[in-house]
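**Student:** Take this structure first; my questions come after.
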Amino acid sequence: MEQAMLIDQTRCIGCGACTVSCKAIYAEASFGILRTRMKKYETGRFPSVSFRFRKHMCMHCRDNAPCIAACPVNVISYVAGDRGGMVSLNVDRCIGCGACTSQCPYHAPDRDRERGKAEKCSFCSRRVLAGQTPFCAEACPVGAITFGGRDEVLAEGQRRAEALRAKGRNHAYVWGSQDTMVLYLLDQPPRVYDLPAEGYTASGPLSFTRLATPAGGVLAAAALGAHGLHLLRERRKRIESESELQESQAGPPGDS
């Protein structure tokens, strides 16, 4: 069963509890590197100015996620099992080349240059596979985040949208109903929240078997170069570890 998250923008107050709870759990990333963050958008003109907020995160593209095709070391994949639909990144194996960030139509992966890693929302996949909900959904104080089976979550979003339209909020609808596992209940046009009209509008994922453009070639060269550097560093670490082990086994000079 596909998993999905509904973010109700008509309830979100921009408090940032989702961001804080996420960072508290996944604290190994450098300062300022976040798996989810709150974005603020200003609408209207003075004196009738209003602010709207949106929880920005990996959208967990439903099919053919561009980041999966772009990764040169295959550390991004769909989570298998009966609770699917989650795009997971193996941070330990990530080489920090930035290919996923460059190809994501939502600019979701956050590149941690200090650690040489990428960070992105994983839907707290381990918790979900254990039958629990993501930390951000539990932390939201106003119930703006709903997580569960995609069909049920989508139906709940559509029910809320219909109720809003009945009250005269004619723009209300569920964004992402076709292409992503993250759904937004909006009451304004998507552009107000810096979202494309519907679903992701990538020009096509960059596959390392399809590098027809100069830009693609440059990105591929950079990513593969980073991969080579990563392998050299790992080899150096192994050599140093082996040398230290041999020295410790040999003992100090003059002991024989």
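**Student:** Take the conditions in a loop (DSSP other than H, G, I, E, B), surrounded by 19 or more Cβ atoms within 10 Å (Cβ to Cβ), touching a Lys or Arg at 6+ places or on another chain (Cβ under 9 Å) and in contact (Cβ under 8 Å) with a residue 24 or more places away in the chain and apply them to Arg54. Does it pass?
**Tutor:** Working: in a loop (DSSP other than H, G, I, E, B): no; surrounded by 19 or more Cβ atoms within 10 Å (Cβ to Cβ): yes; touching a Lys or Arg at 6+ places or on another chain (Cβ under 9 Å): yes; in contact (Cβ under 8 Å) with a residue 24 or more places away in the chain: yes.
Criteria not met by Arg54.
**Student:** Right, something else. Could you check how many residues of region 174-189 are touching a helix residue (DSSP H, G or I) at 6+ places or on another chain (Cβ under 9 Å) and farther than 17 Å from Ala144 by Cα?
**Tutor:** 1
**Student:** Can I ask one more? Condition test on Val128, is it without any contact (Cβ under 8 Å) to a residue 60 or more places away in the chain and either crowded, with 18+ Cβ neighbours inside 10 Å or within 15 Å of Tyr26 (Cα to Cα) (or both)?
**Tutor:** Considered against the rule, which asks whether it is without any contact (Cβ under 8 Å) to a residue 60 or more places away in the chain and either crowded, with 18+ Cβ neighbours inside 10 Å or within 15 Å of Tyr26 (Cα to Cα) (or both), Val128 comes out as no.
**Student:** Determine which single condition Gly116 fails, assuming it passes every other condition in (1) modelled with pLDDT under 95; (2) under 29 Å from Ala130 (Cβ atoms).
**Tutor:** (2)
**Student:** Ok, one more. Can you find, within region 101-148, the residue that is nearest to Ile76 (Cα to Cα) among those that are part of a loop (DSSP other than H, G, I, E, B) and small (Gly, Ala, Ser)?
**Tutor:** Just the residues of region 101-148 that are part of a loop (DSSP other than H, G, I, E, B), to begin with: 104-109, 113-116, 120-124, 130-134, 140-144.
Right, trim to small (Gly, Ala, Ser) and you get 108, 116, 122, 130-131, 143-144.
On the way: Ala108: 13, Gly116: 16, Ser122: 10, Ala130: 20, Gly131: 22, Gly143: 30, Ala144: 28 Å.
Residue satisfying both the conditions and the ranking: Ser122.
**Student:** Ok, one more. Taking region 131-142 as the search range and keeping residues that are loosely packed, with under 13 Cβ neighbours inside 10 Å and not β-branched (Val, Ile, Thr), which one is nearest to Ser88 (Cα to Cα)? Quick ask: steps written out before the conclusion?
**Tutor:** Start the filter on region 131-142 by keeping residues that are loosely packed, with under 13 Cβ neighbours inside 10 Å, which leaves 131, 141-142.
Checking which are not β-branched (Val, Ile, Thr) leaves us with 131, 141.
Numbers: Gly131: 17, Pro141: 26 Å.
Restricting to residues being loosely packed, with under 13 Cβ neighbours inside 10 Å and not β-branched (Val, Ile, Thr), the top hit is Gly131.
**Student:** In region 115-125, which residues are surrounded by fewer than 18 Cβ atoms within 10 Å (Cβ to Cβ) and in contact with a Gly (Cβ under 6 Å, 6 or more places away or on another chain)?
**Tutor:** Gly116
**Student:** May I ask you to list the residues in region 102-123 that are aliphatic (A, V, I, L, M) and out of contact with any helix residue (DSSP H, G or I) (no Cβ under 7 Å at 6 or more places or on another chain)?
**Tutor:** Listed by number, the list holds a single entry, Ala108.
**Student:** Sticking with this structure for a sec: Just to be sure, is Leu195 part of a loop (DSSP other than H, G, I, E, B), within 18 Å of the chain's Cα centre (by Cα) and not basic (Lys, Arg)?
**Tutor:** Working: part of a loop (DSSP other than H, G, I, E, B): yes; within 18 Å of the chain's Cα centre (by Cα): yes; not basic (Lys, Arg): yes.
So Leu195 fits the description; yes.
**Student:** Another question, if that's okay. Which of the residues spanning region 143-164 are surrounded by fewer than 14 Cβ atoms within 10 Å (Cβ to Cβ) and more than 24 Å from the chain's Cα centre (by Cα)?
**Tutor:** Listed by number, the residues that qualify are Arg159, Glu162, Ala163.
**Student:** Checking Asn74 against (1) free of Cβ contacts under 8 Å to residues at least 12 places away in the same chain; (2) closer than 19 Å to Thr36 by Cα, only one condition comes out false. Which one?
**Tutor:** That leaves (2) as the condition not met.
**Student:** Would you please name the residue that is surrounded by the fewest Cβ atoms within 10 Å (Cβ to Cβ), looking only at residues in region 97-114 that are among the small types (Gly, Ala, Ser) and in contact with a strand residue (DSSP E or B) (Cβ under 8 Å, 6 or more places away or on another chain)?
**Tutor:** Going residue by residue through region 97-114, those that are among the small types (Gly, Ala, Ser) are 98-99, 102, 108.
Checking which are in contact with a strand residue (DSSP E or B) (Cβ under 8 Å, 6 or more places away or on another chain) leaves us with 98, 108.
Values: Gly98: 17, Ala108: 24.
Restricting to residues being among the small types (Gly, Ala, Ser) and in contact with a strand residue (DSSP E or B) (Cβ under 8 Å, 6 or more places away or on another chain), the top hit is Gly98.
**Student:** Now for a different question. Going through region 28-62 one residue at a time, which ones are charged (D, E, K, R) and more than 25 Å from Asp8 (Cβ to Cβ)? It would help to see each step written out before you state the result.
**Tutor:** Filtering region 28-62 for residues charged (D, E, K, R) gives 28, 35, 37, 39-40, 42, 45, 52, 54-55, 62.
Correct list: Glu28, Arg45.
**Student:** If you don't mind, another one. I'd like the residue in region 85-100 that is part of a loop (DSSP other than H, G, I, E, B) and in contact (Cβ under 8 Å) with a residue 24 or more places away in the chain and, out of all such residues, is farthest from Pro134 (Cα to Cα).
**Tutor:** Cys97
The values are calculated or read from the model by the stated rules, or taken from the named source; none is laboratory data. Everything numeric in this text was worked out from a predicted model, so none of it was measured. So basically every Cβ, Gly included, is an ideal-geometry build from the backbone, and we count neighbours across all protein chains shown.
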